Amino acid sequence: MCGLACAEPTHGPPTNGSDLNTTPSTLIESFGRRVRLGMVGGGLDSVIGDTHRVALRADGLCELVAGAMSIDPEVARSTGRADLMDPERVHLDYSDMARAEANRQDGIDAVIIATPPNTHLAVAEEFLSQGIDVICEKPLVKDLDEADLLVAAVEKSGQTLVLTHCYTGYPMVREARAIVEDGLLGPIRLVEAQFAGGDPGVAREPNDSATRHWRFRPDVVGPSAILGEVGSHAHNIVNYVTGLSVTDVSAQMDTIAARRDVYDNAYLNVRFDSGAIGRIWSSYVAIGNEHGLSFTIIGDDASISWRQEQPESLRVAPIDGPAHYRTRGMDGSSKDALESARFRPGHPEGYAMAFANLYRDYATARMLTGVGLGDEAQRVLDRLPSVSDGRHVMSLIAAADASRAANGKWTPLR
Ligand code: NAI
């Protein structure tokens, strides 16, 4: 089994790259098949599984052919049946699945890991060791020690790991990144990001604590799980857009909801490697917020702001002129933003298509590698969150935990 690192084309490669039109529809013809995916977790009993199934199929570049999709054997089977999956490729144990897929001629190119975070490391190591790429849900793993182990496992395997920080797939988030790269903001001074929701599912504890979701169980993912569950998205998106890395953090974390045993509100003050300063707010008790992910980046010359609930537009406000909105799909947008859009301007794409962009990019890179265009594949992979991005979040969380325990003392990231 071979992942991106040693991808073989099913059809012969063109004699040189220049005669290959690399739009998805022609790329799939050149590659000669869809990219084959398997899934661990993400069963019909899960929150996120269906989103992955919609996203991976959006462009017709991927197919889901194997799975060990639930801890519950009957749900694992029924999820496979609902997908008309070959029963031979529906497994009850992910280790069996990794071995079986590695031994098939038509085995999977990559496995999607959509299980709780405390299981990601073991699943990822199993598939990487079989030469299979990994598309892993965030947060990367349970803690920083596990992150170091996974970074080492990816390096050793030579495979690719894509981390599904899905909001980086939005065209206007990619446009924001291009604006920063072009220097339109000038030196960045202030960075604000928040993922602060408050719907009843997260704002209230169930009456019976035995029915708590693992997100709210300190024994499963620790008392600071909010930083991995939502804080990781807020941190990752500003890291993605600005290219800046947090170096130090001062954390205040509280538990607001009655009968709750984990933190449900976190204010992180942060310093970046460039000297910029910022704040990352994570909350489950921001009552009235439906979703709550947004960012504002402020430079010497201009600022940009974006909200997940209105993802088609990006506010750009120069210091010496009127603020305006850039909108998805318009001429003059960056290459990355245009390549991430499908429909004409004015036809909203939204969350599912943003998520689908991660699959489109992974599959495109897999196919480009397969037809001998590794450099172009790398350009596409570079806009996807990676294992090192996942490790960076885990180092922020470790430092935030230490800071909280020391009454908010400024604490460096390891
Ligand atoms: P969940 O608890 O609803 O579902 C977990 C799934 O994994 C279930 O199907 C369960 O049966 C299965 N599972 C657990 N252990 C397993 C094992 N050993 N083998 C096979 N299957 C196993 O969890 P949820 O909310 O779907 O979250 C899963 C992951 O996705 C987490 O890392 C979470 O942070 C992430 N997530 C990401 C989102 C995003 O916006 N990108 C949104 C929601 C969740």
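The values are calculated or read from the model by the stated rules, or taken from the named source; none is laboratory data. This structure is a prediction, so every number in the text was calculated from the model and none was measured. Cβ atoms come from the backbone with ideal geometry, glycine included; neighbour counts cover every protein chain shown. Just so you know, the surface numbers come from the protein's heavy atoms only, side chains and all, with ligands and any DNA or RNA stripped out. Shrake-Rupley method; radii C 1.70, N 1.55, O 1.52, S 1.80 Å.
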- When both residues are 6+ apart or on different chains and their Cβ atoms are under 6 Å apart, which pairs have a first residue that lies in the stretch 39-66 and is open to solvent by 50 Å² or more (accessible area, probe 1.4 Å), and a second that is part of a loop (DSSP other than H, G, I, E, B)? Asp45/Ser70; Glu63/Arg34
- Query: Which ranges mark the strands (runs of 3 or more DSSP E) fully within the stretch 287-385 that have 1 or more residues being surrounded by fewer than 20 Cβ atoms within 10 Å (Cβ to Cβ) and small (Gly, Ala, Ser)?
  - Reply: 302-307, 313-318
- Scanning the stretch 67-93 for residues that are open to solvent by 70 Å² or more (accessible area, probe 1.4 Å) and within 11 Å of the ligand (Cβ to nearest atom), which turns out farthest from Leu358 (Cα to Cα)? Glu74
- Selection status of Glu29, open to solvent by 30 Å² or more (accessible area, probe 1.4 Å), away from the ligand (no atom under 12 Å from the Cβ) and not in a loop (DSSP other than H, G, I, E, B): yes
- Task: Name every residue in the stretch 235-272 that is polar (S, T, N, Q) and either more than 23 Å from the chain's Cα centre (by Cα) or surrounded by fewer than 20 Cβ atoms within 10 Å (Cβ to Cβ) (or both), in order of residue number.
- Result: Ser245, Thr247, Ser250, Gln252, Thr255, Asn265, Asn269
- Message: Can you pull out every residue in the stretch 182-203 that is assigned to a loop (DSSP other than H, G, I, E, B) and modelled with pLDDT of 95 or more?
- Response: Asp182, Gly183, Leu184, Leu185, Gly186, Pro187, Gly197, Gly198
- Hey, any hits in the stretch 169-188 for a residue that's within 30 Å of Ala98 (Cα to Cα), crowded, with 19+ Cβ neighbours inside 10 Å and among the hydroxyl-bearing types (Ser, Thr, Tyr)? no
- Task: Could you tell me whether the stretch 177-190 includes any residue that is of a type in the set (A, V, I, L, M) and within 15 Å of the ligand (Cβ to nearest atom)?
- Result: no
- May I ask you to list pairs of residues, at least six apart or on different chains, whose Cβ atoms are under 9 Å apart, with the first in the stretch 73-92 being closer than 13 Å to Leu37 by Cα and the second being surrounded by 18 or more Cβ atoms within 10 Å (Cβ to Cβ) and of a type in the set (Asp, Glu)? Arg89/Glu101
- Item | Scope the stretch 100-115; condition within 15 Å of the ligand (Cβ to nearest atom) and farther than 14 Å from Leu37 by Cα; matching residues | Thr115
- Flagged pairs (Cβ under 7 angstrom, 6 or more apart or on separate chains; first in the stretch 259-282, closer than 14 Å to Val238 by Cα; second modelled with pLDDT of 95 or more and in a loop (DSSP other than H, G, I, E, B)) are Phe272/Leu244; Phe272/Ser245; Asp273/Leu244; Asp273/Ser245; Ser274/Leu244; Ala276/Leu244
